[in-house]
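Student: Here you go, one structure.
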Amino acid sequence: MQALKFATRPLTRSLVLKPSPSAARCFSAGLASMRSAHFPEWASEEAVASAQGLLARFPLEGEPAASQTQRLDATHLFQQRLLLSDMVPPHAPLVDPAEGTPLLPGEHLCFFLPRARSADLGADGSDRTFNPPAPFVRRMWAGGSMTWSRENPLLVGEKAYEHTWVEDVQVKRTAKGDEMLVVWVRKELGNERGPSIEDRRSWLFQRPLQDGGGALPRPVQSQHGEPAQSDKLGLAAGATAVQQTPATLFRYSALTYNAHAIHLDAQWAREREGHPTTVVHGPMTLALLLRKWGAEHAGWRIEHDGRLRGDAGKLARVEYRAKRPLWTGERYWLGKVEASSGSTDTMLAVKEDGTVVMEAIISPA
């Protein structure tokens, strides 16, 4: 089988990676030139120290910052499909998928869960493994890219691995001019046959809100009645309207072993994070966009016996960006941009007022 090439960054050269120490050393050599050699002149000493503190924990010695292996459990995959299929096809029958069934793009997000002890979680319940030191403690999923091997998908029942490297920590500014840290990590997932997925992702970290910084945001009101027309939001016909509830957020948090309070505790989200209520998981929004595209463009279907029909390998790559928070109770649309053309398709998650929550640019195989 030809070695799978993954791009470590968009618009940069590709590196060939294999699950071996020599490949890890090869990766670290390429990574050395990618880390921030310096920080912006305007960056505060506090921000630089926090960024350097995280980088110092993960020196470039060739080995991944974290590694784990696990068997890809059929029941756990069924539970994920059961939750998401109520929102977007393909619909899941009440049966575990058969061993050897390929994972659909995005389904790896509910595997290789955090291994932090409860005592080691942050005050907000988040896994702090790749969090920078204080005071940058408010965390949000930002974006990234994923690339899949058509020849070597992950399969239900097999033993798989995940290696994680810290690529970079950058000092940036928010739209309001506040400092934030952007942490980039790169994950390689694969099996005994070689790499299957490259998953690059970034998180934003901001300082705590100042006490007494203003009135609390108003809670989101659950929306009723007919949803807005998707064509008025720039989406092609067939867009899907979705509305998350506290129950769906709890179930996705459980599937991903994620105790982050912004998804579970409305009071915390309002008073400590500045949101009107709990925040919908970025990975869940991405997974729904991928399922929406696959059902419509790759014929993804799940039969009554749990077997997959359609072309699971047709989705080769996605680059995505979380643009705005999405809150529990808000109705939003999932669909393809009407003007999509050329070699890629642009999928959007859009609120009823036209606010784009997430953009995902999909490259078919």
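Student: What pairs come up if the first residue lies in the stretch 237-259 and is closer than 19 Å to Glu107 by Cβ, the second is of a type in the set (Phe, Trp, Tyr), and their beta carbons are under 7 Å apart, counting only those six or more places apart or on different chains?
Tutor: Thr240/Trp333; Val242/Tyr332
Student: Check Ala287 against each of (1) of a type in the set (Gly, Ala, Ser); (2) at pLDDT 95 or above; (3) over 30 Å from Asp73 (Cβ atoms); (4) not in a strand (DSSP E or B) and name the one condition it does not meet.
Tutor: (3)
Student: While we're looking at this one, here's another question. Going through the stretch 335-365 one residue at a time, which ones are within 22 Å of Pro276 (Cα to Cα) and among the aliphatic types (A, V, I, L, M)?
Tutor: Ala349, Val350, Val356, Val357, Met358
Student: Another question, then. What is the residue count in the stretch 240-269 for residues that are buried (at least 22 other Cβ atoms within 10 Å of the Cβ) and among the small types (Gly, Ala, Ser)?
Tutor: The total comes to 1.
Student: So, of the residues in the stretch 190-216 that are touching a helix residue (DSSP H, G or I) at 6+ places or on another chain (Cβ under 9 Å) and in a loop (DSSP other than H, G, I, E, B), which turns out to be modelled with the highest pLDDT?
Tutor: Top of the filtered list is Arg207.
Student: Which of the residues spanning the stretch 58-108 are of a type in the set (Phe, Trp, Tyr) and either loosely packed, with under 14 Cβ neighbours inside 10 Å or under 20 Å from the mean Cα position of the chain (by Cα) (or both)?
Tutor: Residue satisfying the conditions is Phe78 alone.
Student: With respect to Phe136, determine if the residue is hydrophobic (A, V, I, L, M, F, W, C), in a loop (DSSP other than H, G, I, E, B) and under 21 Å from Tyr257 (Cα atoms).
Tutor: no
Student: Taking the stretch 72-126 only, how many residues are acidic (Asp, Glu) and not in a loop (DSSP other than H, G, I, E, B)?
Tutor: Looking only at that region, the number is 2.
Student: Do we find that Ser149 is over 18 Å from Ala261 (Cβ atoms), of a type outside the set (Lys, Arg), touching a residue at least 60 places away in the same chain (Cβ under 8 Å) and crowded, with 19+ Cβ neighbours inside 10 Å in this structure?
Tutor: yes
Student: Return the residue satisfying two criteria in turn: it lies in the stretch 331-365 and is part of a loop (DSSP other than H, G, I, E, B) and of a type in the set (Asp, Glu), and of such residues it is surrounded by the most Cβ atoms within 10 Å (Cβ to Cβ).
Tutor: Glu352
Student: For the subset of the stretch 302-330 comprising residues that are modelled with pLDDT of 90 or more and among the basic types (Lys, Arg), which member is surrounded by the fewest Cβ atoms within 10 Å (Cβ to Cβ)?
Tutor: So, considering only residues that are modelled with pLDDT of 90 or more and among the basic types (Lys, Arg), the one surrounded by the fewest Cβ atoms within 10 Å (Cβ to Cβ) is Arg324.
Student: For the subset of the stretch 270-294 comprising residues that are small (Gly, Ala, Ser) and crowded, with 18+ Cβ neighbours inside 10 Å, which member is farthest from Lys314 (Cα to Cα)?
Tutor: If we take residues in the stretch 270-294 being small (Gly, Ala, Ser) and crowded, with 18+ Cβ neighbours inside 10 Å, then Gly282 is farthest from Lys314 (Cα to Cα).
The values are calculated or read from the model by the stated rules, or taken from the named source; none is laboratory data. These numbers come from a predicted model, not from an experiment. All Cβ positions, glycine included, derive from the backbone under ideal geometry; neighbour counts span all protein chains shown.
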